[in-house]
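Below is one structure, written out as structure tokens, with a few remarks after it.
The values are calculated or read from the model by the stated rules, or taken from the named source; none is laboratory data. On a predicted model such as this, the values are computed, not experimentally measured, just so you know. So basically every Cβ, Gly included, is an ideal-geometry build from the backbone, and we count neighbours across all protein chains shown. When the accessible area is computed, the model is the full protein with side chains, heavy atoms only, and any ligands, DNA or RNA have been set aside. Shrake-Rupley method; radii C 1.70, N 1.55, O 1.52, S 1.80 Å.
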Amino acid sequence: MALLCAIYIVTAKLGLQLDAVSGFATLVWPPTGIALAALVLFGRKLWPAILIGAFVVNWTSGAPLAVALGMAVGNALEAFVGALILDRLRFEPALGRVRDALVLGLGAAIASTSISAIAGVASLWAGGVIDVDAVVTTLRAWWIGDALGDLIVAPVLLVWFRSPRLELSPRRIVEAAAAIVLIVVTSLYVFDAILPSPTGPDGFRSPYLVFPVLMWAALRFRQLGATTGALIVWIVAIVVTALGVGPTASLSASLLPLQLFMAVVAIAMLFLGTAVSERDRAIRARDEFLTVASHELRTPLAVLELQITNLRELTRMGALPEATLLTKLEVLERQGHRMNALVGNLLDVPRLLAGRFALETEPLDVAAVVGDVAERFRGQAAKLGCELNIEIAAIPPITGDRMRIEQITTNLLGNALRFGPGKPIELSLTAPPSGLVLKVRDHGIGIASNDHARVFERFGHAGGGRRSGGLGLGLWIVHQIVTAMGGTVQVDSAPGEGAEFTVTLPRTSPTAP
Amino acid sequence: MIIAKLDSGRIPIVSAPPLVMVIDDDEDIRSTLTEILGRMKYGVACASHGLEALAQLRTGTRPDVILLDLMMPIMDGYEFVLALRKHPALATIPILVITAAGDARVEANKITAAGHIQKPFKAEELLSALARVVKTSS
């Protein structure tokens, strides 16, 4: 906490050195980004460090006690509320998804910074530090300065702390160094610090020249390259201004175009970095899926191949009594069913994604449908050492889709057998007044609470598909079907304590999703 | 050494039958391989995942070769190999990877296995690969 407080004070003092509007609002306000990143990474309990740091900075910069306190409260609230919004919107600090960039931009850079800007400027005005005429200018500079802190400084810290490490071979190190040099040189040129020439309409020329080199950094070094590249451009702008070189020598005079330029650079790089990362993630998910799909489809084929060879040999040897033959045919039948279920799940994916599957409802003895599916699993359960306990209440006929109810039951039982071999499995179907309730409980490895939502996602293995096998589609399909039927599916589970899936369906299903 | 020749149904046994440990989570694969290998006069021990296999190895089971599936619940093939190689007495047991996932050769190289077979495979392929591995290790 003391370290955060010290860093806040030092960076804030540096920021205030640079031609602050009304003495307190500046383009350069890294403490906002540092505070947000610290509270996101290490917990919101660190807010007192921001309060103390901001108070010390403002008080020692000449603000009256009450004004300094008001601004400090605004600064601390800004960081706290920003971190809270990101947490509530399930922001991932590694910035691996485009939605993370969007949440950071809207939730922190735009929403939470308004708190500090309004509180700070209101304190300055109430304390008589600024006139009413300066309120709008100061508010704008404060808000955009803080927003840039969240858009430029926070992402760099978040990514450096949370993003997966890049493999840094000597070649990559040389490439990274070259990218840094090129970004610095291009930025110096853009800010007119080198090769002076007639300036553009905004006081700095050809600003778009920084984008190709920043894009190179983002494409080659992902978010690390994107966010660090934007930070370098920002630092160059600050240094050029501090040294009094180029058209931005009077920061407050060209504040708005420079702020807008930096905001565009930061936002563009944030979204490019996350988009590239999302693409990487999609490629990894595809490869993972292909590996798992290959495993799931080839395994029954392997059994079929071996069993057919086995049958041929036994027949040739004249050692195939009827009982043995029937046992082996059961194996073939079981693996055929398995293949059929796998292919069915795969073929369902595009239909479900496109919302093109229709429920074919009919009067249904749902107890008999679920019971038949459960009974079909008895043999497989016994082979896996699972005692299958089935409790099905007497239920009057309902209107429902037979095939889809079979599919729900099949997928839930298949899931229970995969993750709870050697342990009992309970299936129950009841009909309380609210509708139908199907529960399938296993006593297997269980699911951590932070994976509960993920198991219902497409290819959403909780513990990694490579280990568990399965296409990662079964529970997603259950969720899609149940939702289309107007019902719900929930999981209650903890690691090592098995899992209970509860499907609640209305007695009359909609006829189409 | 065993020379596998499935068509004849007979094999010349030169020494004590080698013991093969089959580690695969699919019960049908285990039972079918047990039957086929048993008919070829191999001894067979089975485990449904890596942890179960390690338990058997700790109680004295000493296979001449391990047929190892890679994707299994509880302890997968990769973790099993890491655990196995920590025991000097077990680390030298040759491993023949049998996997349905991805590229068997690539996966086998990752764990420096003695050989690999991609599922689905013919019994003849398995038996000749087994014979090669047993011959090399002996």
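Assuming charge only on the beta carbon of Lys and Arg (+1) and of Asp and Glu (-1), the dipole of the stretch A:64-178 about its Cα centre is about 500 debye to the nearest 20. Based on the alpha-carbon gyration tensor of the stretch A:95-198 and its eigenvalue square roots a ≥ b ≥ c, which shape applies: rounded if a/c is under 1.5, prolate if not and a/b is larger than b/c, or oblate? Judged from the Cα gyration tensor, the stretch A:95-198 comes out oblate (a/c at least 1.5, b/c at or above a/b). Placing a pseudo-label 7 Å from each Cα along the Cα-to-Cβ vector at A:D87 and A:A354 gives an inter-label distance of 4.4 nm. 3J(HN,Hα) along the stretch A:445-457, derived from phi through the Karplus expression 6.51 cos²θ - 1.76 cosθ + 1.60 where θ = phi - 60°, amounts to 6, x, 9, 5, 4, 6, 9, 4, 6, 5, 5, 8, 7 Hz, with x in place of Gly and Pro.
Debye-formula intensities of the stretch A:1-127, expressed as log10 I(q)/I(0) at q = 0.11 Å⁻¹, are -0.35 (one equal scatterer per alpha-carbon, no solvent). For the stretch A:316-435, a simple Cβ point-charge model (Lys and Arg +1, Asp and Glu -1, everything else neutral) yields a dipole of about 580 debye relative to the Cα centre. Hydrodynamic estimate: the Kirkwood radius of the stretch B:22-109 over Cα pairs, inserted into Stokes-Einstein at 20 °C and 1.002 mPa s, corresponds to D of 163 µm²/s.
The A and B chains share an interface that buries close to 2700 Å² of accessible area, total over both sides, probe 1.4 Å. In order along the stretch B:103-120, the phi-based Karplus estimate (6.51 cos²θ - 1.76 cosθ + 1.60, θ = phi - 60°) of 3J(HN,Hα) comes to 9, 4, 5, 5, 5, 5, 4, 4, 10, 6, 7, 6, x, 8, 9, 8, 6, x Hz; Gly and Pro are listed as x.
With all protein chains present, how much of the accessible area of chain A (probe radius 1.4 Å) comes from carbon and sulfur, to the nearest whole percent? Carbon plus sulfur share of accessible area: 65 percent. The residues of the protein assembly as shown expose on average 44 square angstrom of accessible surface per residue, using a 1.4 Å probe on protein heavy atoms. The angle between the Cα long axis of helix A:135-148 and the longest principal axis of the Cα atoms of chain A comes to about 50 degrees, rounded to the nearest 10. Based on DSSP loop calls and a cut-off of at most 13 other Cβ atoms within 10 Å, the longest stretch of chain A free of exposed trypsin sites (Lys or Arg not before Pro) is what? Formally, the longest exposed-site-free interval is A:166-355. Sorting B:V97, A:V81 by solvent-accessible area of protein heavy atoms yields A:V81, B:V97, largest first, with a 1.4 Å probe.
Each listed q (0.23, 0.30 Å⁻¹) maps to a log10 I(q)/I(0) for the stretch A:343-384 from the Debye sum over equal C-alpha point scatterers, namely -0.87, -0.91. Among the listed pairs A:K328/B:K119; B:K41/B:K86; B:K41/B:K135; A:K423/B:K119; A:K328/A:K383; A:K423/B:K86, which have their C-alpha atoms separated by more than 25 angstrom in this model? The answer is B:K41/B:K86; A:K423/B:K119; A:K423/B:K86. For the protein assembly as shown, report the % of Cα-Cα distances exceeding 46 Å. Cα-Cα pairs in the protein assembly as shown separated by more than 46 Å: 41 percent.
Here r is the Cβ-Cβ distance between A:V136 and A:V98 and R0 is 30 Å; the resulting FRET efficiency, rounded to 0.05, is 0.35. Mean partner shielding of peptide A:305-313, defined as the number of other chain Cβ atoms within 10 Å of each residue Cβ, is 6. Could you tell me what a quarter of the Cα convex hull surface of the stretch A:318-468 works out to, in nm² with one decimal place? Directional mean of the projected Cα hull area for the stretch A:318-468 stands at 11.9 nm². Each Lys and Arg Cβ is given +1 and each Asp and Glu Cβ -1; about its Cα centre, chain A then shows a dipole of about 900 debye.
Less than 5 angstrom separates the built amide H of B:H116 from those of B:V97, all sequence-distant by 5 or more or on a different chain. Projecting the Cα atoms of A:C5, A:P31, A:I283 onto the charge dipole of chain A, computed from C-beta unit charges around the Cα centre, puts A:I283 farthest toward the positive end. The simple spin-label model puts a point 7 Å past each Cα toward its Cβ; for A:T315 and A:A282 those points are separated by 4.9 nm. Taking 19 Å as the cut-off, the amide N atoms of the stretch B:17-35 that come nearer than this to a point 7 Å along the Cα-to-beta-carbon line of A:T324 belong to B:28-35.
Our helix-only sum for chain A, with -39,500 (n - 2.57) per DSSP H run of n ≥ 4 divided by its residues, gives a mean residue ellipticity at 222 nm of -20500 deg cm²/dmol.
The label-point distance for A:K13 and A:E497, in a model that sets each label 7 Å from Cα toward Cβ, rounds to 5.2 nm. When only alpha carbons of the stretch A:276-334 are considered, Rg and Dmax amount to 19.1, 62 Å.
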